[in-house]
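Before any comments, here is the structure.
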Amino acid sequence: MPEPKSTAPKSAAPRTLYDKIWDDHVVHTSEDGTCLLYIDRHLVHEVTSPQAFEGLRMTGRKVRAPEKTIAVPDHNVPTTEGRETHIDNEESRIQVNALDRNAREFGVVYYPVTDIRQGIVHIVGPEQGWTLPGMTVVCGDSHTATHGAFGALAHGIGTSEVEHVLATQTLIQKKSKNMKVEITGKLLPGVTAKDITLAVIGKTGTAGGTGYVIEYCGEAIRDLSMEGRMTVCNMAIEGGARAGLIAPDEKTFAYCMGRPHAPKGAKWEAAVTYWKGLFTDEGAHFDKVITIKGEDIAPVVTWGTSPEDVLPITATVPFAADFQGGKIEAAQRSIDYMGLTPGMKLTDVKVDAVFIGSCTNGRIEDLRAAAGILKGRKMAPGVRGMVVPGSGLVRLQAEEEGLAQIFMDAGFEWRLAGCSMCLGMNPDQLAPGERCAATSNRNFEGRMGRGGRTHLMSPIMAAAAAITGHLTDIRDIMAETA
Amino acid sequence: MDKFTTITGIAAPMPLVNIDTDMIIPKQFLKTIKRSGLGVNLFDEMRYTQDGKEIPDFVLNQPAYRESQIIVAGDNFGCGSSREHAPWALLDFGIRSVISTSFADIFYNNCFKNGILPIILPQDAVDHLMDDAKKGANARITVDLENQTVTASDGTSFAFEVDAFKKHCLINGLDDIGLTMEKVSAIDSFEKQNAAARPWA
């Protein structure tokens, strides 16, 4: 058994976590600094891959490392029973069938809808132990940032790059700059990982991270579970960053241990030794630093149509004139689209629907948190609610823990795993004008259905909105329970 | 991929900030398994009513802008989803260059893979070009990749930066995969060394 490769710096200069992972994956550096970066895991779904596989076919190329390529249909799949045998929408069916055919023809690892392990690609990867610390992980999907929670360099790529990775197991890259986001101290009751990640975007804006890889650190980040860390990193892309990272620690190792594709025995020991070197050295340089006190973060919601439109739930809908430059027009457009009146309290905004799920908040802890609020309660009359577990295994576990029953007793629909309403490519969509409290990641115009209105928030805040029928401060519900 | 050298054309002004890829090409059009044919659905929900009628106010529906080859856009163009369908739709419509103060990372890279040149310029330059674009067919903007300049109809010229490798690929219409395949021995040796050093990966 060879010694694990040392992460000792090639120069004496202290390095960031990003620098270390980058250095260990450079295959080739051109004179102009363009690098060929080796990719350890390539995740594939049905929407952004058909043209890439077709490209391989047309050029007679093969998938270089099918054993490192993991495919799962998630965006298009209905979340209702019977989907194993038939998908009504013809285009969705063609796309899922294309993935089926491509996965089998090119011999990549595949979890079809008939497999209990099927789910949202960013939930399946960590769950099956494909995602491990120190790896490079890519997928034709911007929320690949999720995997950064393990201290893996993970980011979304376009379809041309999907084809490039399939053919060469590498990606042509220039290095990003380093950005540190530190969340100090403790979070207050009712404040979650989702509130952290939204609060950061609220502070930096959706372009604040452009050109950077963010490392999240600080006590409040260390205190989060692995699932909470995935929620934080998932939305790094919403802040414009190429990727988000959190240094691996004992929680990370404990999460990975025993997963189907995690190393075992001596390989595990060697891996942990290597992983323990994955941290930012004292004195390493960051090009940009943001610090937020954990205690300053409130339970938040979005009011507009950009993830940067974040406010504490206790706030009021802003006026367009509160903003500057091009944002004035954008804010007015958002206010109009969202059907809101400036100055109104956010807690007076009524909702028609509640969506709990997505790669941001579709894991077991998210469902436990929401069910904890909903237990023994009913959804407000007229509100429709949908819970979509992130994978078949999350769904099974939630059923075994009795969470599914709590959701159903409260009046929610209990669905099969997939991306669902988060982007509405399957039949789960909002109607025009319909307003939704959602645990997903994007509140863009039309995202959940043409004319649909999305307010992003944490699972417990979504559960609170379901009970009252309007945006609600979770702390008020918690006070009732106490 | 089409080569990109110089284009002179009408530019559509889209000053809205944070135009995301869901706006550029909404999800219902991502179900295609082809790259072509998306131009008709470019900016679909801004461009057409629910029943498919053109919204006359939308810039690309105005007679002067139907033949646009350039878009001058607000900050952070192309944010959100990684969908390459966004540049495919722009290209299919006929857009070869987008000018803004900033672009989202993935969209920016995706453009170069499809013969579209995204150009980052300072705010005052974008403001100047935005005013020019608002003149419609009365103004033509020239984008010269070789010399890295954008020239407004009044002759004002702005220099822009572009990565040398990306420029080389765009000017020559080169296929990245073919170029990387030439380095296959470096990939082979990396894999061998990596398998020894990090056998779990």
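The numbers here are math on the coordinates, done by the rules we state, and not lab data. Values in this document were obtained by computation on a predicted structure and should not be read as measured data. Note that we place each Cβ from the backbone using ideal geometry, even for glycine, and neighbour counts take in every protein chain shown.
So here's what we get for this one:
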quantity: Whichever residue in the stretch A:231-269 is aliphatic (A, V, I, L, M) and more than 13 Å from chain B (Cβ to nearest Cβ) and, among such residues, is surrounded by the fewest Cβ atoms within 10 Å (Cβ to Cβ); calculated: A:ALA254
quantity: Residue within the stretch A:164-178 that is free of Cβ contacts under 8 Å to residues at least 12 places away in the same chain, touching an Asp or Glu at 6+ places or on another chain (Cβ under 8 Å) and either more than 12 Å from chain B (Cβ to nearest Cβ) or under 24 Å from B:GLU84 (Cα atoms) (or both) present; calculated: yes
quantity: Strands (runs of 3 or more DSSP E) contained entirely in the stretch A:124-202, each with at least 3 residues that are more than 24 Å from A:GLU54 (Cβ to Cβ); calculated: A:177-184
quantity: Within the stretch B:1-51, tally of residues that are in contact with a Pro (Cβ under 7 Å, 6 or more places away or on another chain) and closer than 19 Å to B:LYS113 by Cα; calculated: 1
quantity: Residue satisfying all of: in the stretch A:322-369; hydrophobic (A, V, I, L, M, F, W, C) and free of Cβ contacts under 8 Å to residues at least 40 places away in the same chain; surrounded by the fewest Cβ atoms within 10 Å (Cβ to Cβ) among these; calculated: A:MET344
quantity: Pairs where the first residue, in the stretch B:49-76, is without any contact (Cβ under 8 Å) to a residue 24 or more places away in the chain and the second is acidic (Asp, Glu), C-beta under 8 Å, 6+ apart; calculated: B:ASN61/B:GLU54
quantity: Any hit, the stretch B:143-152, residues being of a type in the set (S, T, N, Q) and either in contact (Cβ under 8 Å) with a residue 40 or more places away in the chain or at the interface with chain A (Cβ under 9 Å from one of its Cβ atoms) (or both); calculated: no
quantity: Some residue of the stretch B:90-102 being within 14 Å of another protein chain (Cβ to nearest Cβ), touching a residue at least 12 places away in the same chain (Cβ under 8 Å), out of contact with any strand residue (DSSP E or B) (no Cβ under 9 Å at 6 or more places or on another chain) and closer than 23 Å to B:THR6 by Cβ; calculated: yes
quantity: The lone exception for B:PHE165 - which of (1) surrounded by 13 or more Cβ atoms within 10 Å (Cβ to Cβ); (2) more than 7 Å from every other protein chain (Cβ to nearest Cβ) it fails; calculated: (2)
quantity: Qualifying residue in the stretch B:177-187 (condition: within 30 Å of A:TRP130 (Cα to Cα), within 14 Å of chain A (Cβ to nearest Cβ), surrounded by 16 or more Cβ atoms within 10 Å (Cβ to Cβ) and in contact (Cβ under 8 Å) with a residue 12 or more places away in the chain); calculated: no
quantity: Test: residue in the stretch A:183-205 that is under 17 Å from A:LEU153 (Cβ atoms), more than 14 Å from chain B (Cβ to nearest Cβ) and in contact (Cβ under 8 Å) with a residue 60 or more places away in the chain; calculated: no
quantity: So A:MET386, is it crowded, with 17+ Cβ neighbours inside 10 Å, in contact (Cβ under 8 Å) with a residue 40 or more places away in the chain and in a loop (DSSP other than H, G, I, E, B); calculated: no
quantity: Among residues of the stretch B:1-27, those that are out of contact with any helix residue (DSSP H, G or I) (no Cβ under 8 Å at 6 or more places or on another chain), more than 7 Å from chain A (Cβ to nearest Cβ) and under 19 Å from A:GLU329 (Cβ atoms), counted; calculated: 1
quantity: Failed condition for A:ALA466, given (1) in contact (Cβ under 8 Å) with a residue 40 or more places away in the chain; (2) within 14 Å of chain B (Cβ to nearest Cβ); calculated: (2)
quantity: Residue match in the stretch B:48-71 (condition: more than 10 Å from every other protein chain (Cβ to nearest Cβ), farther than 25 Å from A:ALA330 by Cβ and surrounded by 17 or more Cβ atoms within 10 Å (Cβ to Cβ)); calculated: yes
quantity: Inter-residue pairs, beta-carbon under 7 Å, first more than 21 Å from A:TYR38 (Cβ to Cβ) and in the stretch A:51-73, second outside any helix (DSSP H, G or I) and among the aromatic types (Phe, Trp, Tyr), 6+ apart; calculated: A:VAL72/A:TYR111
quantity: Qualifying residues in the stretch A:275-297 (those that are out of contact with any Ser or Thr (no Cβ under 7 Å at 6 or more places or on another chain) and more than 19 Å from A:MET179 (Cβ to Cβ)) - the one surrounded by the most Cβ atoms within 10 Å (Cβ to Cβ); calculated: A:TRP275
quantity: Selected residue (only one of B:ARG83, B:ARG35 is crowded, with 23+ Cβ neighbours inside 10 Å, at the interface with another protein chain (Cβ under 7 Å from one of its Cβ atoms) and assigned to a loop (DSSP other than H, G, I, E, B)); calculated: B:ARG83
quantity: Only listed residue being out of contact with any Gly (no Cβ under 8 Å at 6 or more places or on another chain), more than 8 Å from every other protein chain (Cβ to nearest Cβ) and hydroxyl-bearing (Ser, Thr, Tyr), chosen from A:THR79, A:THR34, A:THR85, A:THR59; calculated: A:THR85
